[in-house]
Amino acid sequence: MPGKDEVERRCALTHEVKPAADLIRFVVGPDGMLTPDTDAKAEGRGVWISLGERMVAEAVKKKAFSKSLKSEVRLPEDLPGLTRRRLEQRFVSSLQMAKKAGQLLTGAMKVKAALETGEAIALLTATDAADDGRKKMLATLKASSKAAEEQGLAGADRPHFELLDSAQLGLALGIESVIHAAPTQGAAGETAVKRAERLARYIAN
């Protein structure tokens with residue numbers, strides 16, 4: 001079976017054909033209300049829109065959903081915001097699974113060490129992190145990535161995300177607050193990074 005990146009779908013707004021990973025699916029629920037299908041697994045006829053908060057807002061404005069389904073569709077009051085919250089929930093769930101699997105580190109010292117050794121596969125920073133702490137951690141990420149690249153090691157280019165504040169991260173992980181975190185190698189850690197990337201792309205577009 002082809003992977004999600006290989007399956008292509010047409011955006012109902014732009015009419016471009018793209019990999020499914022570059023779009024987000026919406027489906028009409030049993031109550032007749034359109035809802036985000038963030039995992040693209042819900043039954044029923046779906047409508048695909050390019051991954052992006054502004055793209056979803058534009059689709060609402062131009063009635064792309066009803067045009068695609070060829071019928072009137074009930075929409076939530078804030079579909080772009082609801083979609084973002086659903087993506088955030090999936091991201092938080094993946095962080096919890098990574099922590100449970102022992103594939104998520106928290107705390108400045110542990111995260112810094114994991115970046116230096118190459119154990120970390122990404123860096124997560126709270127949106128309300130202090131500037132000096134953020135700069136120091138990013139400097140560590142940059143230096144360690146450059147060293148890994150010079151040695152020809154795989155995974156040298158590790159992403160950095162700022163998606164949730166310290167309270168949100170702390171609540172997700174059962175800690176008072178979290179400023180820095182780092183997913184590590186393994187299925188759960190990699191899933192957390194993929195969901196972070198998806199959320200980040202949605203917010204940016």
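The values are calculated or read from the model by the stated rules, or taken from the named source; none is laboratory data. Note that the structure is a prediction, hence the values are computed from the model and not measured. Here the Cβ is made from the backbone with ideal geometry for all residues, glycine too, and neighbour counts use every protein chain on show. Please note that ligands, DNA and RNA were not included when accessible areas were found on the heavy atoms of the full protein model with its side chains. Shrake-Rupley method; radii C 1.70, N 1.55, O 1.52, S 1.80 Å.
Please find, among ASP31, ASP37, the residue that is among the acidic types (Asp, Glu) and open to solvent by less than 20 Å² (accessible area, probe 1.4 Å).
The conditions single out ASP37.
Could you pull out the residue among LEU141, LEU164 that is touching a Ser or Thr at 6+ places or on another chain (Cβ under 8 Å) and open to solvent by less than 20 Å² (accessible area, probe 1.4 Å)?
Numbers: LEU141 fails: touching a Ser or Thr at 6+ places or on another chain (Cβ under 8 Å).
The match here is LEU164.
Which condition breaks for ALA181 when tested against (1) open to solvent by 20 Å² or more (accessible area, probe 1.4 Å); (2) within 17 Å of THR117 (Cα to Cα)?
Tallying (1) open to solvent by 20 Å² or more (accessible area, probe 1.4 Å); (2) within 17 Å of THR117 (Cα to Cα), ALA181 fails exactly one: (1).
Restricting attention to region 144-161, and to residues there that are aliphatic (A, V, I, L, M) and assigned to a loop (DSSP other than H, G, I, E, B), which single residue is surrounded by the most Cβ atoms within 10 Å (Cβ to Cβ)?
ALA156
Tell me yes or no: at least one residue of region 126-149 is touching a residue at least 40 places away in the same chain (Cβ under 8 Å) and in contact with a Gly (Cβ under 9 Å, 6 or more places away or on another chain).
Looking through region 126-149, at least one residue is touching a residue at least 40 places away in the same chain (Cβ under 8 Å) and in contact with a Gly (Cβ under 9 Å, 6 or more places away or on another chain).
Within region 119-136, track down each residue that is open to solvent by 40 Å² or more (accessible area, probe 1.4 Å) and in contact with a helix residue (DSSP H, G or I) (Cβ under 9 Å, 6 or more places away or on another chain).
Hits for region 119-136 are GLU119, THR127, ASP128, LYS136.
Which number in (1) out of contact with any strand residue (DSSP E or B) (no Cβ under 8 Å at 6 or more places or on another chain); (2) open to solvent by 40 Å² or more (accessible area, probe 1.4 Å); (3) touching a residue at least 24 places away in the same chain (Cβ under 8 Å); (4) within 21 Å of ILE203 (Cβ to Cβ) marks the one condition that LYS100 misses?
Of (1) out of contact with any strand residue (DSSP E or B) (no Cβ under 8 Å at 6 or more places or on another chain); (2) open to solvent by 40 Å² or more (accessible area, probe 1.4 Å); (3) touching a residue at least 24 places away in the same chain (Cβ under 8 Å); (4) within 21 Å of ILE203 (Cβ to Cβ), only one is false for LYS100: (4).
Among the residues of region 109-141, write down those that are out of contact with any strand residue (DSSP E or B) (no Cβ under 9 Å at 6 or more places or on another chain), in a helix (DSSP H, G or I) and of a type outside the set (Ser, Thr, Tyr). If you could, list the steps in order and put the result at the bottom.
Applying the first criterion (out of contact with any strand residue (DSSP E or B) (no Cβ under 9 Å at 6 or more places or on another chain)) to region 109-141 yields 109, 116-118, 127-128, 130-132, 135-136, 139.
Now restrict to residues that are in a helix (DSSP H, G or I): 109, 116-117, 131-132, 135-136, 139.
MET109, GLU116, ASP131, ASP132, LYS135, LYS136, ALA139, listed by residue number.
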